[in-house]
Every structure is written in C-alpha cells, then in structure tokens.
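Below is one structure, written out as structure tokens; comments come after it.
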Amino acid sequence: RSGQYTMNHDHSKKIPDGASFDRSGSQDSLDELSMDDYWKELENIHETRGNNHEERVALVVKEPDEGELEEEWLKEAGLSNLFGESSGDSLESMVFLSTLTRTQKAAVEKRVETVTQTMRKKNKQHQIPDVRDIFRLQNDSKGNVCDGSEPSTVRTSENKNETHDGTKGNFSLGTDEQKSLPEDMPSSDTDINLEISFAEQAANLKDSSVGKMYRGGGGDTLLPNFRLPKDKTGTTKIGDLAPQDMKKVYSLALIELTALYDILGTEFKQQKAVKIKTKDSGLFGVPLSLLLEQDQKRVPGTKIPLIFQKLIAQIEETTLETEGLLRIPGVATRVKGLCQELEAKFYEGTFNWENVKQHDAASLLKLFIRELPQPLLTVEYLKAFQDVQNLPTKKQQLQALNLLVLLLPEANRDTLKVLLEFLQRVIDHRDKNKMTLNNVAMVMAPNLFTFHAFGSKTIEQSEFVMAAGTANVMRFMIQYQKLLWTIPKFIVNQVRKQTESQKKEKKDKAMKKFLKKMAHDREKHEKQEKIPNDTDVPQGVIRVQAPHLSKVSMAIQLTEELKAGDIVARFLSQKSGNVQTLKREEIFLYEIGGNIGERCLDDDTYMKDLYQLNPNAEWVIKPRPS
C-alpha cells in the first residue's frame, strides 16, 4: 500500500479506504479522522517548493562504519576516555559510571564492547581495556552503588516522609529497589513516575507477570491524561539548572534513552549529517544558531529568532478564531513574494506587515520551519523522534519524548517550545476555528518531519506508515508539552551524586598534596578546617541571601510545611525605602552549590526536604534571567 504514495501524486485523492471525513472529529482519537489534512498539506508543501526544489543541495546522511556510531555515542555521553589512548585517565568516568543504574550500565557496556571489538579487528595499537574489567573495577571500588548498597551519606532522613510516588529514599540507584517496584506504588497508568529510571521501569514491567505490554502504538486510543505526582523537593524544569548541570543531564539523558530503547528492543541510532554549504545571512534557509547570532546583535539575549516571533505575533494579531487556521494555505505566489520582500526589508524595519494576510503569515511560519537547513528536531534525532511511535506503551512514548527534548540543542528546544505553545493556543479556539488537536497535528507533522534534504526517496517509500506515526508524535508533543519540559528527578539525583563524587575526588587529591607538603604543620590545618562552617548557623536554620532586594539576608527556621515561595514572600514583605522594581513572578529562590551547580526552585518546593537532600547548599533569592 505505501508504495503508491509518492510526493508528486495528488495525495488528497488517495485517502485510505473507508476513512470517514469529519473535520470537527473528536479532539483525541485519530481513528475517525481521515489523513486528508496530512496529504493536502504535503501537496501544498510540494507546490510551494515548485521549481526551486531542484537547486537545493541534499543533506547527505552518512552511513557510519562499524563501531563508529558507538564511538560517537560514547563521546557524546562524555565517556570517550573509556577507550583509545586516553583510557588510562578514566578516573572521572569511573565516578560517572558509579552513578548509573543497572540498565544504563548495560547500555554503556554494550557500546564499549562494540568499540573494543572493532578496535581489535582494526588492530589499533591502543591499549584496549576489557569492558568487563572496567565494570569489575567499578564494582569493587568504594562507591559500590551499583550493587544496591547505597552510600550512607546519601541516605538522609528522607525515608520517613516517603514521596507521593511511594518510592522510598532519594537515590533509587541501588538494584535492590529496582528489581521490584515498591508494593505501595500507585499502579495508576496515568501517573508518570520520575523517581525511578524509565529504562528500569520498562525492565521491571518486562520481568513482572503483570507486564504483558499492551500495544499502545498507533493512534487508536484517546490520549491518556498523564500527570506528574507532586515532588516535595520541587519539580525541575528545563532552564532551572546551571549550564554545568545541564551538561551532565545531557549525558545521562542520552544513556537513559539508549537504555530504554535497548530494553524495548528498538534500535536507537543517531544520524550524522555531512556538512553542507548554507546561507550565512538572511531569514529563510539560515541555520538556527546563525540566525540567533545575528538577532542577538540587534536584541541582546534573544533566544527565539525574531522573524519566528514576529510571524506568530502576526497570526495571533488577527484572531485565532479564523476557521481552518494553519490548514488553509496562503496563495503560493504571494507567499513567495512576501518571502523575498521579508529577506530584503525585515531587518531594515521597512517591511509593511499590514498587507500580510493571516493565512499567508501561517504559510510563512511553516515555510520557515521547513526551510531550516537542518530540521528543527535536528538531523541527529529526527529519526529517533519518529521512532517513538514504535514503542509499546503510550507512557514509554512520552518518556522517550521527554528524554529527546532534553537532548535537543538549546536553540532548537526553545524554538520548538514557542511553536508548541502557539499550536496549543490555536487548539484552545477549536470551537471557532475547527482546528482540533488532531487537525493541527496532521497539518504540522509534514512540516516538522518530512525533511527536504534527506532526499525524498526514503520518505516516499514509507510515506503512509510514517504519516500516521509522525502525526501521532506531533499530537503527543502538543498535548504533553508541559510534561516534556520537566527534568526527571532520577536524572537530577544522578547529577547530584556525580557532583558529590567529583567534589570528593578533588578534595581527596588536594588533601594528599596538602599532607605531603605540610606534614609538619598539622595543627594549623585542623584550625583552618573549621572555618568554612557558615558562621555558626544553628541546626534547622538556613541563611538566605537576597543581594537584589532591600533586605539582603535572613536566617530562616525550617519547618515541615515551609515552601520556597513562602521564603520569597517573606523577603518581599520586608520592603524598605527603595522599593524594588522587580515583579514577584520574576523572583525565585535558588539552591546553589553543595551537590548541584545551581537550581532555580519552583515555589512549591518543601524546603526541609530539599535541605536534607542538599545540606551544603547556599540559598539565594534572585531574578530569573528571562
């Protein structure tokens, strides 16, 4: 069946047999909705492309040699020193490995094994570690988290107040906890458990007799109402953590996603793009990073391309109630003319927006996304985003998307977020504009997923299967966008463990050096040791700094119910003469240092619980960068 659907046919006539056509069909089910919108959109895309399709250089996706993918993967995961010349210097990697779960370790082990075998075949003269030694060393080392015993320092009194998820303790990295999920864990299928590694959950589901996986792929059922149970130590959103923490999050998300795909028997392959010549200025067809660079010269701190922001604003200005918004295309010749005019006048500020019709603006927005030299979802991960549809359950599809969003470069992720928020606003007016979640997903999927430069051959063959699947992934991204921008707690906890271990390593090294040098001067050293203790703050009290506010510092007594938002409110109520110009919603309490780089706290964070998780942190109130 899929063979018939090729790019240059009139797709709209080829609606699969028996598909009824109901424009205002249910918000959620793809069943009674024909794929009509999808094919029509493809046709419009094809028309807009017209003749200039030929002159575009295809982006070559390189077929990697054996072992190359795995080597690249280990580099991306920050583990390149587990093989090759630098393999001797893998202390840091050891620290990193000691924080991984069972399934994450297995994923790393599998890749190191492949690289090692490839190197042996090529007979490279490197000293090639035996993968088993790496992990054996690990298990013998003092940080024996891997075999289930938890380092005592981590076990805080958190246990007495179990999380709402029923999972005990902070770092559920020990395999004890992972062999079977706690009995009292709500078995609700709609709760997303962020406390335990997704891959571990999948492994447990597979092992347990209960885990007869229901096939949730395809668009056959309503989208469940997934929710995140409340986390007392605060929900961490993308953007809450410092760059050095996000670097660790990236490595962990990559390993976790790979482990999840391994367990579920889906191949996870990052694609690699060969560099192509792209425009180095302008608006359409310019790499995202370059576009932002030129925009930041005009508006410092810009995170979303100005043209993208302006097109969305232009569409919204008219009204989002226009029937068929995003579905009805602008006039192709007019859109092309506007495109050229924008290129010439947008930055000059001489472009006249008043003449731009709403459907034309919507077409320009979609054109902008399609014309990016590399897809918004990136060459590396576009295929992985598509493959989400093959995972067994809807919950696993959501978990995989969550990890994929964490892997996107910042510019892509920020732009995607603004797009998804806009699409949701369009859907909010569905009673008037007749654009339900399904309609919008159908129309947007071809713009995000059928990527011009991959050469259309591969796309044509599997076109039909892919159409339904990508429309489905698109629905997920719109529907669950708030969940997708959350950093799972188990990953934040792994970041904390790594930070702790790295600090300890550094301290041990420094200490050895120090003792060698100053063996005779021991008493002096012991005196020095006592100083860092924050000028004797009594137990259960934290010192909060607020350099931007009139009250710059306060000692706060922790109680069971005290939340981060309460502390901010307390500071703001202490206004003196110089009243701040900062708005309440811009100001947050931050957790800085200890076992994290820096984390912006959501107002509902229970401070006593968090203090137990990170007793050495400093607490600072400051405005969040916009």
Label-point gap, in nm, between Glu321 and Lys551 - each point 7 angstrom along Cα→Cβ: 4.7
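Please say if region 537-625 is rounded, prolate or oblate, where rounded means a/c under 1.5 for a ≥ b ≥ c the square roots of the C-alpha gyration tensor eigenvalues, and otherwise the choice is prolate for a/b larger than b/c and oblate otherwise? Could the numbers behind the result be given before it?
Details: a/c = 1.75, a/b = 1.49, b/c = 1.18.
It is prolate, given that a/c is not under 1.5 and a/b is the larger ratio.
When ligands, DNA and RNA are left out and all protein chains stay put, how many square angstrom of accessible area per residue does region 537-625 have with a 1.4 Å probe? It would help to have the intermediate numbers written out before the result.
Details: 4130 Å² over 89 residues.
I get 46 Å² per residue for this part.
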Which loop GluC sites (Glu not before Pro) in region 300-332, with loop taken from DSSP, have no more than 12 other Cβ atoms within 10 angstrom of their Cβ? Glu323
If you average the C-alpha positions of region 598-626 and of region 263-290 separately, how far apart do those two centres end up, in angstrom? 36
Round to the nearest 0.05 the FRET efficiency obtained for Lys247 and Glu585 when R0 = 22 Å and r is the Cβ-Cβ distance. 0.20
Solvent-accessible area of Trp485 with every protein chain in place, 1.4 Å probe, in Å² to the nearest 10: 10
Could I have the simple spin-label model distance between Lys482 and Gln612, label points 7 Å from Cα toward Cβ, reported in nm to one decimal? 2.8
Starting from the 7 Å offset along Cα-to-Cβ, what nm value, one decimal, do you get for the label separation of Ala344 and Glu505? 5.8
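Strictly over 24 Å apart at the Cα level, which of Lys279/Lys366; Lys237/Lys272; Lys121/Lys275; Lys110/Lys230; Lys551/Lys608; Lys336/Lys482 would you flag in this model?
Numbers: Lys279/Lys366 19 Å; Lys237/Lys272 29 Å; Lys121/Lys275 29 Å; Lys110/Lys230 35 Å; Lys551/Lys608 22 Å; Lys336/Lys482 35 Å.
In this structure, Lys237/Lys272; Lys121/Lys275; Lys110/Lys230; Lys336/Lys482 exceed 24 Å between Cα atoms.
The values are calculated or read from the model by the stated rules, or taken from the named source; none is laboratory data. Values in this document were obtained by computation on a predicted structure and should not be read as measured data. FYI the Cβ positions are ideal-geometry reconstructions off the backbone, even for glycines, and counts take in every protein chain you see. Each accessible area value is taken on the protein alone, full model and side chains, heavy atoms only, with ligands, DNA and RNA left out. Shrake-Rupley method; radii C 1.70, N 1.55, O 1.52, S 1.80 Å.
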